Amino acid sequence: MKYKLGDFVRFVDEKMEGYVTRIFDEQMIGVTGDDDFEIPVLASKVTTVHGHAGAGQKSGTNAAVVVPVEDFKTQGVYLGVMSDTKAASVVHFYLVNETSYQLLATLTTEGAKTKGEYLGIIAPKSAVLVYSAQLADIQLWPKFNVQILFFTPQDIKPQQPLIFTEKFKAKDFAGSKKIVPLVNQQGWLIRIDEPELVLDAQKLKESFFKPAAEKQQEIERPKNEVDLHIEKLRDDYQFIASHDILRIQLEHFKKALDAAVVHQLPEITFIHGAGNGTLRSELHKQLGKHQKVQTFLDARKEKFGYGATKVIIK
């Protein structure tokens, strides 16, 4: 397949053009025009329009640059994920190298088949496109396996090789976007060379004996009314499976209830909606055995109907 997601193409037999937003197989692609309507077309029936570059056309050079030892940066390897500037339904994955090392990097995807997607040298302070995908197909994305070696001709000890393996889910892109360094576009940033977490045993011990007043300051005070509708909790709710939705709602409920107990609120109301009654039933089941709950009842039927539960805390 000579075309990639995000390529700008023109139809051979019609006065139409657009961006490649889907690759069905070796012969068939999907092209989306200005009307945002995706048209399936044979790859042989379109041609590349030169002079148009999508979000994935930047790459670093491999020239070695001598950096003063005091300025040599040893940390900062990321996977940046951002939407194509022209075809928003397509996302591009960049390997971002903010270090002063040259990186020898590979990307292999593991799905129905294992496939090598990228092999190359990423220069210091540069970013390279390594993969593209349809955001709507996130549940079908393969598992990513990134392997990285560090190199410098200077008298500086290299970092240990990195292996990053991840099967992305919609929740991984629920957070707010930020500027992806070196690419300078809004996107999601995933740290690959995350420093190893070292626990301070003494501080951990001290945290168990903090006064209640200090613990209150650490736990955010919840609102008097907590809406558990999934669209209020997550921006990516349309990508989440129904069983995961219930789990997320219950986790948010438990967190808010615990916070209400810590802050000694007299009562708190959970808006769960009527629906099929599953969430309401689960809430009532847990409230019934919670030691700090005095009682619970339907909250203001004239306002919520049977879609909310008021909890009275001991």
**Fill in**
Those residues of the stretch 283-308 which are within 32 Å of the chain's Cα centre (by Cα) and closer than 19 Å to A259 by Cβ amount to L283, Q286, A308
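Kindly indicate which of F168, F208, F151 is of a type outside the set (V, I, T), at negative phi and modelled with pLDDT under 60.
Details: F168 fails: modelled with pLDDT under 60; F151 fails: modelled with pLDDT under 60.
Going through F168, F208, F151 in turn, just one is of a type outside the set (V, I, T), at negative phi and modelled with pLDDT under 60: F208.
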**Item:** Out of L279, L246, sole residue that is surrounded by 17 or more Cβ atoms within 10 Å (Cβ to Cβ), farther than 16 Å from N224 by Cβ and under 27 Å from the mean Cα position of the chain (by Cα)
**Value:** L279
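List the strands (runs of 3 or more DSSP E) inside the stretch 10-50, counting only whole elements, that have at least 1 residues being of a type in the set (F, W, Y) and farther than 19 Å from Y131 by Cα. Outline the logic, then answer.
Details: elements: 17-23, 28-32, 38-42, 46-48.
Here the list is empty.
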**Request:** Filter the stretch 110-132 down to the residues that are among the aliphatic types (A, V, I, L, M) and in contact with a Phe, Trp or Tyr (Cβ under 6 Å, 6 or more places away or on another chain), then identify the one that is nearest to V96 (Cα to Cα).
**Result:** A127
**Message:** Under 9 Å between Cβ atoms, which residue pairs at least 6 apart in sequence (or on different chains) link something in the stretch 283-300 that is closer than 18 Å to D227 by Cα with a partner that is of a type in the set (D, E, K, R) and modelled with pLDDT of 90 or more?
**Reply:** Q286/K254; F296/K310; L297/K310; D298/K310; A299/E225; A299/K310; R300/K310
**Prompt:** Is there a residue being over 30 Å from I156 (Cβ atoms), aromatic (F, W, Y), in contact with a helix residue (DSSP H, G or I) (Cβ under 7 Å, 6 or more places away or on another chain) and at pLDDT below 85 anywhere in the stretch 1-21?
**Reply:** yes
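Tell me which residues, restricted to the stretch 218-238, are farther than 28 Å from L140 by Cα and in a loop (DSSP other than H, G, I, E, B).
Within the stretch 218-238, I219, E220, R221, P222, K223, N224 qualify.
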**Asked** Are any of the residues in the stretch 114-133 under 21 Å from the mean Cα position of the chain (by Cα), surrounded by fewer than 20 Cβ atoms within 10 Å (Cβ to Cβ) and within 30 Å of L233 (Cβ to Cβ)?
**Response** no
**Prompt:** Which of the residues that make up the stretch 2-15 are over 34 Å from the mean Cα position of the chain (by Cα) and hydrophobic (A, V, I, L, M, F, W, C)?
**Reply:** F11, V12
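Against the condition crowded, with 18+ Cβ neighbours inside 10 Å, of a type in the set (F, W, Y) and in contact with a Lys or Arg (Cβ under 9 Å, 6 or more places away or on another chain), how does F270 come out, does it pass? Outline the logic, then answer.
On the way: crowded, with 18+ Cβ neighbours inside 10 Å: yes; of a type in the set (F, W, Y): yes; in contact with a Lys or Arg (Cβ under 9 Å, 6 or more places away or on another chain): yes.
So F270 passes the test.
The values are calculated or read from the model by the stated rules, or taken from the named source; none is laboratory data. Please read all numbers here as calculations on a predicted model, not as lab measurements. Note that we place each Cβ from the backbone using ideal geometry, even for glycine, and neighbour counts take in every protein chain shown.
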